[in-house]
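The structure appears right after this line, and notes come after that.
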């Protein structure tokens with residue numbers, strides 16, 4: 001019997017800060033190897049996808065690097081198996097993906113971003129809406145072999161006060177990693193977190209400046225890494241600590257220090273307090289000041305909705321899709337739309 005593999009090469013972003021081309025593969029359906037293969041062969045109740053058929057069309061997803069583990073390991077395999085659609089993706093910081101979509105460099109038909117700040121600039125030409133569906137929070141991940149490891153562990157276990165973490169980050173020779181606030185929401189959120197901590201713990205007024213240097217929105221700091229390489233750089237031992245979303249730390253088994261809701265940007269009840277801090281970035285040559293916001297995931301369809309892109313968003317918002325996000329360490333939210341002309345198929349998945 002012939003073996004048929006319907007495989008789509010998935011090319012990641014062509015333009016990452018580290019210059020690394022990212023590639024993934026998605027199986028759009030695997031024909032049975034033979035009737036004797038264990039568990040192989042369709043049953044009367046099998047769907048077209050489960051029976052090895054491929055749906056017409058292809059979903060092309062641009063998504064923030066922090067979603068890479070969840071998408072590649074959990075969500076995409078489940079989506080492809082359930083629907084049979086072909087799949088391609090681009091992985092980068094949300095800001096870089098926004099620019100690549102706007103310039104036509106990538107032909108995504110779905111965009112998943114941390115927050116709506118990188119979706120709004122694409123309106124109204126490419127989209128007019130987005131849906132919020134999950135949340136995460138900031139943590140500080142650390143290297144268990146760092147010379148500061150015992151102090152990290154003491155702070156993580158509440159044997160030392162959390163405020164000691166910030167004085168530790170000021171130590172000469174402390175190696176901190178973070179992402180570029182001009183193109184990556186995580187980079188901005190980490191700075192917001194430091195500013196919130198400075199206020200919450202009544203730290204000296206120059207605490208944040210001593211930790212990350214000035215101006216806060218600088219893209220040239222030696223602390224800055226691409227989001228795609230930051231975690232591996234920490235794991236390799238080149239850094240003492242790094243910014244991270246909680247889901248990333250959970251998924252990659254990174255030891256981390258949990259931060260309280262007052263500063264971790266993970267609680268909608270504290271949204272007004274998060275908005276008290278801000279960072280000024282450069283976006284397409286223009287200065288822009290962005291206030292702190294709760295860390296949510298948003299999704300939209302780029303261009304005219306098609307069967308494949310609608311199927312992807314519907315599956316993402318479905319109970320099955322949301323359960324995968326729970327497994328990935330996210331807090332699942334009742335889906336909520338912002339904007340106009342939300343497709344009927346998407347509106348049917350919204351809560352309330």
inquiry  = Residues that are in a loop (DSSP other than H, G, I, E, B) and free of Cβ contacts under 8 Å to residues at least 24 places away in the same chain: does the range 255-272 have at least one?
reply    = no
request  = Answer yes or no: is there a residue in the range 215-230 that is touching a strand residue (DSSP E or B) at 6+ places or on another chain (Cβ under 7 Å) and in a strand (DSSP E or B).
outcome  = yes
note = Of (1) assigned to a loop (DSSP other than H, G, I, E, B); (2) surrounded by 22 or more Cβ atoms within 10 Å (Cβ to Cβ), residue 158 satisfies every one except (2)
message = Can you report the number of residues in the range 231-247 which are under 28 Å from residue 172 (Cα atoms) and outside any loop (DSSP other than H, G, I, E, B)?
response = 11
query = Taking residue 107 and the conditions (1) outside any helix (DSSP H, G or I); (2) closer than 26 Å to residue 230 by Cβ, which numbered condition does it fall short on, given that it satisfies the others?
reply = (2)
note = Of the conditions (1) out of contact with any helix residue (DSSP H, G or I) (no Cβ under 9 Å at 6 or more places or on another chain); (2) under 24 Å from residue 169 (Cβ atoms); (3) modelled with pLDDT of 95 or more, the single one that residue 250 does not satisfy is (3)
request  = Go through 314, 304, 276 for me and flag whichever is assigned to a loop (DSSP other than H, G, I, E, B), over 23 Å from residue 141 (Cα atoms) and in contact (Cβ under 8 Å) with a residue 12 or more places away in the chain.
outcome  = 276
ask   = Any idea which of 186, 151 is free of Cβ contacts under 8 Å to residues at least 60 places away in the same chain, buried (at least 16 other Cβ atoms within 10 Å of the Cβ) and not assigned by TED's automatic domain parsing to the domain that holds residue 341?
value = 151
ask   = So is residue 131 under 21 Å from the mean Cα position of the chain (by Cα), under 18 Å from residue 230 (Cβ atoms) and in contact (Cβ under 8 Å) with a residue 60 or more places away in the chain or not?
value = no
ask   = Can you name every residue in the range 319-352 that is out of contact with any strand residue (DSSP E or B) (no Cβ under 9 Å at 6 or more places or on another chain) and more than 15 Å from residue 71 (Cα to Cα)?
value = 319, 344, 345, 348
query = residue 176 versus (1) within 21 Å of the chain's Cα centre (by Cα); (2) closer than 29 Å to residue 347 by Cβ; (3) modelled with pLDDT of 95 or more: which is the lone unmet condition?
reply = (2)
Residue 75 being over 30 Å from residue 172 (Cα atoms), in a helix (DSSP H, G or I) and at pLDDT 95 or above = yes
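The values are calculated or read from the model by the stated rules, or taken from the named source; none is laboratory data. Everything numeric in this text was worked out from a predicted model, so none of it was measured. Cβ sites come from the backbone with ideal geometry, for glycine too, and all protein chains shown count toward neighbours.
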